[in-house]
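Okay, so here's the structure we're looking at.
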Amino acid sequence: MINTETRILGILGFPLGHSLSPLMHNRALQSLGLNYVYVAFAVARHFLADAVKGLRGLGVAGVNVTVPFKEEILPYLDELSTEAQACQAVNVVKNCQGRLVGYNTDGPGFMAALTEAGVTPAGQRIVLLGAGGAARAVAYQLGRAGSQHITCVNRTRGKAEQLAEFITGQTGVPASAAGWDEEEVEKAVQAAGMLVNTTPVGMFPATREMPPVNPEWFHHELVVCDVIYNPAQTRLLLAARQRGLRTVDGVGMFVHQGALAFEIFTGCPAPVKLMREVVVGELAR
Ligand code: ATR
């Protein structure tokens, strides 16, 4: 029942066609009997500043932030959490009586998914594919968790170099950079304990695509992770599973970033199991 007490949450991005956040959050809110409604704010880029002012003006309780605004929204916020500040990227904004506070639950969501899968990055050599916002959030947490070394591999090599500098500067973990098709990628994968794809390569609808790593390089101890959740089984993960390797798909990260956001918004523990069921059910449809 929507009434005068109903508080508004939402997702801010563009386009929002395939987002599962409204469904996942509304079902979670309803299951706890919380008087909130979660809506989609598909905002054109030139209206971003107006949209953020509107959050304050209308007393919107909070929003998730997604592509393409995770970095662009920073100048409009009043305060940032430690993670958001370090990563210069925000996926959650909470409205604290007119003060907009930015958080980043993408990295912590990824770590929660690893923990759930029994995967420990401490002491591991890691190959990270991609050098965008998602890569930065994931790399920051992997560095803080005490990984041994991170190789950043990216189509645009300069961005991989910047990410490697960011990792060492923020976490002290040694990091190196490589271009998408460089020879050292093979050596890095062979020496790694974890391979993590943070690029959209393989995401719906281009599900036949795969990052340029050859599954023949994979050894039996390698854990392969993908932040893509649609499809849950990307070609990369399928190739790893066919070789009997452990894999971690992006559903866990998506659910946990949402659960952490839910807790920031409402102050209530998130119904994580239900949220996962909603996402898995919807992906299966
Ligand atoms: P996100 O917030 O999801 O990380 P992003 O910041 O736009 O999004 O970063 C996307 C990352 O995926 C980048 O590292 C990008 O590579 P470039 O730096 O070369 O642009 C990578 N990426 C996106 N599409 C790609 C493709 N088709 N092939 C290879 N890399 C791709």
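What follows draws every value from the coordinates through simple rules; no lab data is involved. Keep in mind that this is a model prediction, so the values were computed, not measured. No Cβ is skipped: glycine too gets one built from the backbone with ideal geometry, and neighbour counts run over all protein chains shown.
Some observations on this one:
- For the pair region 258-285 and region 93-148, the centres of their Cα atoms are 18 angstrom apart.
- Dividing the summed helix terms, -39500 (n - 2.57) for each DSSP H run of n ≥ 4, by the number of residues in the chain produces a 222 nm estimate of -12000 deg cm²/dmol to the nearest 500.
- Of the three principal axes defined by the Cα atoms of region 116-197, the extents in descending order read 31, 26, 20 Å.
- Cross-link partners of Lys187 among lysines, defined as those whose alpha carbon lies under 19 angstrom from its own and excluding same-chain residues fewer than eight positions apart, are absent.
- Peptides 79-90, 29-40 ranked from most to least packed by the mean count of surrounding Cβ atoms within 10 Å: 79-90, 29-40.
- Candidate cross-link partners of Lys70 among the lysines, defined by an alpha-carbon separation under 25 Å and a same-chain spacing of 8 or more, comprise Lys53, Lys94, Lys159.
- Rg followed by Dmax, in Å, when region 107-249 is reduced to its Cα trace: 13.5, 38
- Ratio of the Cα radius of gyration of region 62-148 to 2.2 N^0.38 Å, where N counts its residues: 1.15
- In sequence order, region 173-180 has phi-based couplings of 7, x, 8, 9, 10, 8, x, 3 Hz under the Karplus curve 6.51 cos²θ - 1.76 cosθ + 1.60, θ = phi - 60°, and Gly or Pro positions carry x.
- For trypsin sites (Lys or Arg not before Pro), no site in region 5-77 is both called loop by DSSP and has at most 16 other Cβ atoms within 10 Å.
- Close amide-amide hydrogen proximity is noted between Arg7 and Tyr36, Val37, each under 5 Å apart and 5 or more residues distant or on a separate chain (H modeled in the peptide plane; Pro and chain starts excluded).
- Couplings 3J(HN,Hα) for region 80-93, derived from phi with the Karplus relation 6.51 cos²θ - 1.76 cosθ + 1.60 (θ = phi - 60°), are 10, 5, 4, 5, 4, 5, 5, 8, 6, 8, 10, 10, 9, 10 Hz, where x marks Gly and Pro.
- Percentage, to the nearest whole number, of Cα pairs in the chain over 24 Å apart: 50
- Normalising by residue count, region 1-102 has a Cα convex hull of 104 Å³ per residue.
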